[in-house]
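Heads up, the thing below is written out as structure tokens.
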Amino acid sequence: MAFLEFSNISKGYPGVQALANVSFTVEKGAVHGLMGENGAGKSTLIRVLSGDQAADAGNILVDGKEQKYASVRDAFHAGVIVIHQELQLVPELTVAENLWLGRFPAKGGVIHSKALIETVRSKLEEIGIDVDSSAKVASLSIGARQMVEIAKAVMLDARVIALDEPTSSLSSRESEILFSLIDRLKAQGTVILYVSHRLDEIFRLCDSLTVLRDGKLAAHHPQIAETTREQIISEMVGREISNVWGWRERPLGDVRLEVKGLSGPRLRHPISFSVRQGEILGFFGLIGAGRSDMARLLYGADARHQGQVTIDGVAVSPNNPKAAINAGMVLCPEDRKFDGIIQGRSIEENIAISSRRHFSPFGILSPRREAALADRFIAKLRVRTPSRKQDIINLSGGNQQKVILGRWLSEQGIKVLVIDEPTRGIDVGAKSEIYEILYELAAGGMAIVVISSELPEVMGISDRIMVMCQGRVAANVARQDFDERNILTAALPDKNAAGTL
Amino acid sequence: ADVKIGFIVKQPEEPWFQDEWKFADQAAKEKGFTVVKIGAEDGEKVQSAIDNLGAQGAQGFIICTPDVKLGPGIVAKAEANQLKLMTVDDRLVSADGKPLEDVPHMGISATKIGETVGQAIVDEIKKRGWDMKNVGAVRVSYDQLPTAVDRVEGAMSVLKSAGFPVENIYDAPQAKTDTEAALNAATTVLNKHADVKYWVAFGLNDEAVLGAVRASESVGIPAANVIGVGIGGAESAINEFKKPAPTGFFGTVIISPKRHGYETALNMYDWIANDKEPAKLTLTSGSLALRDDYEKVRKDLGIE
Amino acid sequence: MNSLKKILLGEQGLVVIFAAAFVIVSLFVPNFLTERNMLGLLQSVVTIGIVACTMMFCLASRDFDLSVGSIVAFSGMIAVMVSNATGSIPVGLLAALLCGAVVGFVNGIVIARFRINALITTLATMQIVRGLALIASDGRAVGINDPDFYQLALSRFLTVPTPIWIMLILFILFGFVLNRTVFGKNTLAIGGNPEASRLAGVNVVNMRVWIFALQGLVCGIAGILLASRITSGQPNAATGLELSVISACVLGGVSLAGGRAAMSGVIVGVLIMGIAENVMNLLNIQAFYQYVVRGLILLIAVLLDNLRSSAAGRRG
Amino acid sequence: MNSLKKILLGEQGLVVIFAAAFVIVSLFVPNFLTERNMLGLLQSVVTIGIVACTMMFCLASRDFDLSVGSIVAFSGMIAVMVSNATGSIPVGLLAALLCGAVVGFVNGIVIARFRINALITTLATMQIVRGLALIASDGRAVGINDPDFYQLALSRFLTVPTPIWIMLILFILFGFVLNRTVFGKNTLAIGGNPEASRLAGVNVVNMRVWIFALQGLVCGIAGILLASRITSGQPNAATGLELSVISACVLGGVSLAGGRAAMSGVIVGVLIMGIAENVMNLLNIQAFYQYVVRGLILLIAVLLDNLRSSAAGRRG
Ligand SMILES: Nc1ncnc2c1ncn2[C@@H]1O[C@H](COP(=O)(O)OP(=O)(O)OP(=O)(O)O)[C@@H](O)[C@H]1O
Ligand SMILES: Nc1ncnc2c1ncn2[C@@H]1O[C@H](COP(=O)(O)OP(=O)(O)OP(=O)(O)O)[C@@H](O)[C@H]1O
Ligand SMILES: O[C@@H]1[C@@H](O)[C@@H](O)CO[C@H]1O
Ligand SMILES: [Mg+2]
Ligand SMILES: [Mg+2]
């Protein structure tokens, strides 16, 4: 029996038809996958389901009853819980307060603070999420925040849960925790709508699947077993992609980037490594392993305590991103929302912000060249948008990420590219384009540092992998020695004495 | 014990009050007492200023209040702090608007000053032989300040009784009490009545009238066709008189900060030290000062 | 040494710094630490203190209110005029509270429902309400007929004047509301991340309307007490109050970017402002120099607070 | 019909609405559309207009400057006093510009380098600088010795007074800087997301310092012109200027949350403020009612603009 039904849902934004006549059903107790390219309309569908945005046309039925939500609250009372793609937490409040926001346990408006913290603590323990319930969310890493978001959904008695790319900031270990939670919910008969760009997960979790394309229903598979990866990809992108990674051997040159004894406020143990011309060095680790901290120190986004960073033998001055850029290093940050996108400004401006200095004589812009630059990357990275003048805030998450990548990939004269979770939220189709660009840049002599929590990705594209664990380098593995199990073991904090690798 | 007297004024930035304070200090130096000078722009500040004086052991204070209706509150506060009370410039009134006659006061009525202004304008119009029918009047107004209303009303009453046509008096409300605001308001009036040849201007103080005069210059009305009479006679006016060529700023009514500052302080001192109660009411008068005699007028009033 | 640093740089750092400054002032400024002066000092911050309670909520929810001064003046006028007209003080007080709340409510509706910029909206109501007060009174203060009205401000309980008690009660009340109630947490949540709060089911629009209405109501209380203290309703009262109150809040660590607020900080902010004025007058500092000193004190206070919080090493 | 809607609701919607309002006022308010009145009107907005140019940058980069009024007064004083002392007007003007820029620079350093809240910092410098102006002049207006100084404001070119020309030139200049230079785009980027801009290699600290210094310099220009118009340096000039200027900017669509600004909008904002005053005086509206009308106009202007942009359906 169909428990959740979408019927002829349409939703348009100025210049974009985000959803057009989408209809499909999900059975009770099923995990239903929702896939599609960036900007295909997945998040929009989920926003409509959550009562956050009203559809222009169409109905949603839960358990045969038509749903009319005037607000998020209504959806919530109908037992529909949504975990949005962008983290929706209040940094100034504690974990417990965030989990209870909107429905604090209170008598006469007064909150039972003790009960609040205690219930959350025991619940988090029970579901295996390791975060302090009385910590301010501002003090958590992105990964930890994502776990808090997930806990939100699990803590409530929901009939329908929608998860919009919940694993994009999780590493494999945390993902496993999530998967077992989903299994448990499923057993209770909860309907789960699951959005992801990771095909492995989709096959691991989902019973059925819907593919969206340009806002339209591209395919509906009531039984996921009856389809294949290749079929889904071609339904999504409209073409075949044989080998996503596409790695090939490259000649390596002299050492380009040399890091000696780098340490900072949150990274106490000094880290040293070097990257050669043409080399792609992958960093793998679990949440909070310290990879992002390392990258930020390298680039001067945070103040270093100690250590030296040199590019082609020339020292890079600390605590100054601009100096780093001038010395030939750029960082594509992991947190697109806080460190990447510039709200209120167009795609074009977001792309050109750094590289425009190369074609702005005396500080005067060249609109023509900025437009050309933007158009090039919009096409190359398949950014779905009505115009390059579109405010970046109006793009889908994956498309925002593409624009930020475009900003850094369009840089000129760069010797070292540090790129933190480059394909977070990006569709399969665009992924291979991005990897191709990385290979091209590497072939041109650039030294590239890629940080990723997705093990297949790190293994797929790196020439070498450094594994980090609890702020230290736990292993340094060359491509010929890549082995999923060993790398994962090295990343785990509770492994026995180092030396297995 | 040492005598300590408070001197509270409503607008410490105004040169007038700077002068009052200066002269109070002069008296203090001569007699060997202390003057505590506090600016209090509104009723609430007045209350805390009095408390503050009480706390530091003053025996009495002189006040120019931000609003005369604060009277009963000031009297009560002074009593609560056991401070002797005298007012200067503006006289306190009770809830029903009657002056509080028990409180010694030295000042000049705002209406009177206004009348002096009006008289000066009327005299000069006659002297220049203008026909009042062809003269426009800019009334630079700031109605949220009661004193300002009284002054302007005073000037208007004289104009009217001298036969100045009421319909020729145009209101230029200034948004703030500075020259620029008056200038902008007056410019609009002058442009609206572009056909009027002769102009007179009056307002709250010198700054207001100066604004009107600047406006007349900026729209090209010759100085000889303008009679502006201000109130105050401090630097703003003096600067005007010092200009090489006469401007439309014809004169100003000077009131003496010396008497108001020096004498009140002295009276209060005598009251405290020698138990000699001051007169309940002392009225001073304003004197018209013109371009050629302002130095003399100031000297006569004991300023400088 | 290290634990000293911890205390100074901890959450309560501003309070500690303030306490130290207070001790120093008490030692070196004659007549400062007397019961009389303390009471006078507290009375002088009653208006700022009361209004700061709700301004804290307003700022914490990422809003802004410039109309408080006008509302205080207007509701004071109303209290006096209605009392005079009806001959009943309670009716006058009720009318004043109602007027305050209504103006605040209108602010809230325009800002939250019609989504108009808070700065512009409250700048507009600031002028409209001031204009109404001037029109109602023809620009002149209105005297109080019934002397009982003065008792509001003059009466004392345990030697402390009533207005101070009211301020203290409001401090406690709003401190409690901020930290221990759903209303307070929702306020902080809205300020910290309005979008997330909305998606979590907090009725952001209603919350904002309520906060503004409450702000208006509290301005009504402040207006009544002020009218009673100055024994008249004055259309020109409390001009510039908004900036003093906002400064007191910001000094006390309330973030203009929303999401951060603490009652203890705000109280300290209010006291810093009051003590600065008080001490300058006790020391007979000249009016023009007072400007400079006032500015410097503001700067030093935030600078100290800043050193503290940057040493504590928050990001963003 | 639809294309009309498009024009009204497009980027330039406020400009169109404004143009319509202008036509209506011209038709119905006698004496409004005369050359004399137009020039008078423009002259009355010179101070606001000039300062709004850089305030736009300040707000667009998510900053805030309350000290502009004080800087205008202070630099006007300096221009007069130094001219008088040295007997050279150019030296006086240079000194004024320098003073303005230095105060702005100090603002910038304190705010950007020491990371002190902009509201508090500029509230502090607003008081300090006003205090300095008062101290320097002993609270009195300072007359100008050399009548040539008046010519700055009185001289005309093609029948239009020089200050209006200067304002127009600054409009064009800063419009260009905002839209067509790296400086302008970086300003907007900082306002949109300061951290992201920093990581993108924008020297956020330096930019902010520059913006404040520029603001100070431009206040210096405004101060000189003002002193010349009122033929003296007045320590009390331009009080409350900050709020007028900020309102003009916000009216013109500059976002207080940073990242959004347009010169055309700001010009319209400035003109709305000027026209409102002008028309009220032409229509002889009473002073107290002017408050109310002024408030209502502010509200209506943003309301219209808001209808427009919400119809255009921006997110957040
Ligand atoms: N804003 C922050 N404030 C305080 N601590 C933080 C902050 N961000 C991260 N941390 C902590 O610093 C440590 C390292 O985090 P970092 O982000 O560098 O890890 P990572 O390996 O990149 O993992 P991920 O980014 O996936 O969370 C973690 O313990 C994390 O909790
Ligand atoms: N507020 C908005 N204004 C304009 N366009 C919007 C708005 N919200 C979404 N869109 C557009 O609607 C389309 C669908 O977006 P949506 O976020 O649903 O994509 P998605 O499938 O979730 O993509 P991703 O995988 O990148 O998250 C996109 O083209 C996006 O740019
Ligand atoms: O306000 C005025 C002041 O300006 C001075 O003129 C003396 O009298 C006061 O009433
Ligand atoms: Mg999405
Ligand atoms: Mg990371």
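Please work out whether region C:114-191 counts as rounded, prolate or oblate from its C-alpha gyration tensor, where a ≥ b ≥ c are the square roots of the eigenvalues and a/c under 1.5 means rounded, while otherwise a/b larger than b/c means prolate and anything else oblate? Provide the component values of the computation, followed by the final result.
Details: a/c = 4.43, a/b = 1.10, b/c = 4.04.
Oblate.
Of the accessible area of chain A, with the probe set at 1.4 angstrom, what percent is carbon plus sulfur?
Working: 9330 of 19080 Å².
On chain A, the fraction of accessible area on carbon and sulfur atoms equals 49 percent.
Projecting each Cα onto the charge dipole of region A:164-276 (Lys/Arg +1, Asp/Glu -1 at the beta carbon, about the Cα centre), which of A:F179, A:L193, A:W245 comes out farthest on the positive side?
Of the candidates, A:W245 comes out farthest on the positive side.
Got a sec? What order do B:W271, D:W210 fall in by accessible area at 1.4 Å, biggest, i.e. largest, first? Each step should come with its number before you reach the end.
On the way: B:W271 30, D:W210 165 Å².
From most exposed to least exposed: D:W210, B:W271.
Give B:K10/B:K296; B:K4/B:K280; A:K42/A:K216; B:K37/B:K112; A:K389/A:K431; A:K11/A:K216 a once-over and call out the pairs whose C-alpha atoms are over 18 Å from each other.
Working: B:K10/B:K296 29 Å; B:K4/B:K280 21 Å; A:K42/A:K216 10 Å; B:K37/B:K112 28 Å; A:K389/A:K431 24 Å; A:K11/A:K216 11 Å.
In this structure, B:K10/B:K296; B:K4/B:K280; B:K37/B:K112; A:K389/A:K431 exceed 18 Å between Cα atoms.
With unit charges on the beta carbon (Lys/Arg positive, Asp/Glu negative), name the residue among C:L39, D:A276, C:S75 whose Cα is farthest towards the positive pole of the charge dipole of the protein assembly as shown.
Highest projection toward the positive end goes to D:A276.
Quantify how strongly other chains surround peptide C:141-148 by giving the mean number of their Cβ atoms within 10 Å of each of its Cβ atoms. Can you show the working numbers first?
On the way: counts 11, 2, 12, 4, 2, 1, 3, 0.
Average per residue, whole number: 4.
With every protein chain kept in place and ligands, DNA and RNA left out, what is the accessible area per residue of chain A? Probe 1.4 Å, answer in Å². Numbers along the way, then the final one.
Values: 19080 Å² over 501 residues.
Value for chain A: 38 Å² per residue.
List the residues of region B:125-156 that lose 30 Å² or more of accessible area once all protein chains are present, compared with their chain alone (1.4 Å probe, heavy atoms only, no ligands or nucleic acids).
B:D143, B:Q144, B:P146
Quick one: order A:K42, B:K242, A:K216 from most to least accessible surface, probe 1.4 Å.
Values: A:K42 10, B:K242 140, A:K216 110 Å².
If we order A:K42, B:K242, A:K216 from most to least accessible, we get B:K242, A:K216, A:K42.
Interface C/D, total buried accessible area with a 1.4 Å probe, nearest 100 Å²? Walk me through the numbers before you get to the answer.
On the way: alone 15680 and 15700 Å², together 27990 Å².
Buried: approximately 3400 Å² between D and C.
Heavy-atom accessible area of A:H358 with all protein chains present, probe 1.4 Å, nearest 10 Å²?
Counting only protein heavy atoms, the figure is 80 Å².
Let me cross-check A:T167: its accessible surface, 1.4 Å probe, with only protein heavy atoms counted, in Å² to the nearest 10?
Roll a 1.4 Å probe over it and A:T167 shows about 0 Å².
Kindly sort B:E20, B:E44, A:E86 by accessible area of their heavy atoms, largest first, with the probe set to 1.4 Å. Mind showing how you got there, number by number?
Numbers: B:E20 0, B:E44 25, A:E86 50 Å².
Listed by decreasing accessible area, they come as A:E86, B:E44, B:E20.
Total accessible area buried between chains D and A, 1.4 Å probe, in Å² to the nearest 100?
Rounded to the nearest hundred, the buried surface is 2200 Å².
Name the residues of region C:220-235 whose accessible area, probed at 1.4 Å, falls by at least 30 Å² once all protein chains are in place instead of their chain on its own?
Output list: C:R229, C:I230, C:T231, C:Q234.
Which percent of the accessible heavy-atom area of region C:139-291 goes to carbon and sulfur, probe 1.4 angstrom? Mind showing how you got there, number by number?
Working: 3250 of 4920 Å².
Of all accessible area on region C:139-291, carbon and sulfur atoms account for 66 percent.
Could you work out, residue by residue across C:121-133, how many beta carbons of other chains sit within 10 Å of that residue's beta carbon, and then give the average as an integer? Please list the in-between numbers first.
Values: counts 5, 1, 9, 12, 4, 4, 10, 8, 3, 5, 12, 5, 3.
Average neighbour count from other chains, rounded to a whole number: 6.
For each pair in B:K77/B:K176; A:K123/A:K186; B:K31/B:K84, compute the distance between the two Cα atoms and list the pairs where it is over 21 Å. Can you show the working numbers first?
Numbers: B:K77/B:K176 31 Å; A:K123/A:K186 18 Å; B:K31/B:K84 18 Å.
Correct reply: B:K77/B:K176.
What whole-number value in Å² describes the accessible area per residue of region B:169-304 for a 1.4 Å probe?
Values: 4760 Å² over 136 residues.
On a per-residue basis, region B:169-304 sits at 35 Å².
Based on Cβ point charges of +1 for Lys and Arg and -1 for Asp and Glu, what charge dipole magnitude is obtained for the protein assembly as shown about its Cα centre, in debye rounded to the nearest 20?
Working: 131 positive and 126 negative charges, 318 e Å.
For the protein assembly as shown, the charge dipole is close to 1520 debye.
For a test of the definition: using alpha carbon positions, the gyration tensor, and the 1.5 limit on a/c, classify chain C as rounded, prolate or oblate.
Values: a/c = 1.86, a/b = 1.14, b/c = 1.64.
Verdict is oblate for chain C.
Over region D:57-182, average the accessible area per residue using a 1.4 Å probe and give it in Å², no decimals. Provide the component values of the computation, followed by the final result.
Working: 4600 Å² over 126 residues.
So region D:57-182 comes to 37 Å² accessible per residue, rounded to a whole number.
With +1 on the Cβ of every Lys and Arg and -1 on the Cβ of every Asp and Glu, and nothing else charged, how large is the dipole of region A:160-221 about its Cα centre, in debye rounded to the nearest 20?
120 debye
In what sequence, highest mean first, do A:174-184, C:19-29, D:62-72 appear when ranked by Cβ atoms within 10 angstrom? Don't jump to the answer; show the numbers that get you there.
Numbers: A:174-184: 17.0, C:19-29: 12.9, D:62-72: 28.5.
Sorting A:174-184, C:19-29, D:62-72 by mean packing, highest first, produces D:62-72, A:174-184, C:19-29.
In the neighborhood of C:G274, defined by Cβ-to-Cβ distances under 14 Å, what is the net charge if each Lys or Arg adds +1 and each Asp or Glu adds -1? Each step should come with its number before you reach the end.
Details: positive: B:K45, C:R294; negative: B:E44, B:D51, C:E277.
Here the count lands on -1.
Taking beta carbons within 10 Å but only from partner chains, what does the mean come to for residues A:97-105? Working shown, then result.
Details: counts 3, 5, 1, 3, 13, 11, 4, 7, 1.
Other-chain Cβ atoms within 10 Å of each residue's Cβ, averaged: 5.
Report the net charge of residues surrounding A:N326, where surrounding means a beta-carbon distance below 15 angstrom and charges are Lys +1, Arg +1, Asp -1, Glu -1. Write out the running numbers ahead of the final one.
Numbers: positive: A:K322, A:R356, A:R357, A:K415, D:R198; negative: A:D312, A:E411.
Taking every other residue near A:N326 into account, the sum is +3.
All other residues with a Cβ under 12 Å from the Cβ of A:F24 taken together, and with Lys, Arg as +1 and Asp, Glu as -1, what is their net charge? Numbers along the way, then the final one.
On the way: positive: A:K216; negative: A:E5, A:E27.
Here the count lands on -1.
Ignoring everything except DSSP H segments at least 4 long, calculate the 222 nm mean residue ellipticity for chain B; use -39,500 (n - 2.57) per segment, divide by total residues, nearest 500.
On the way: 10 runs with 128 residues, N = 304.
Calculated from helices alone, the mean residue ellipticity at 222 nm is -13500 deg cm²/dmol.
Just the number, please: buried accessible area between D and B, total of both chains, 1.4 angstrom probe, nearest 100 square angstrom.
Values: alone 15700 and 13470 Å², together 26090 Å².
When D and B are taken together, about 3100 Å² of accessible area is lost.
Give the shape of chain A as rounded, prolate or oblate, defined through the alpha-carbon gyration tensor: a ≥ b ≥ c are the square roots of its eigenvalues, a/c under 1.5 means rounded, and otherwise the shape is prolate if a/b is larger than b/c and oblate if not. Display every interim value, and only then the final one.
Values: a/c = 1.64, a/b = 1.35, b/c = 1.22.
Prolate is the answer for chain A, as a/c is 1.5 or above and a/b outweighs b/c.
The values are calculated or read from the model by the stated rules, or taken from the named source; none is laboratory data. The shown structure was predicted, so the numbers you read here are calculated from the model rather than taken from an experiment. Quick reminder, even Gly has a Cβ in these numbers, built from the backbone with ideal geometry, and neighbours come from all protein chains shown. Ligands, DNA and RNA are excluded from the accessible area calculation, which covers all protein heavy atoms including side chains. Shrake-Rupley method; radii C 1.70, N 1.55, O 1.52, S 1.80 Å.
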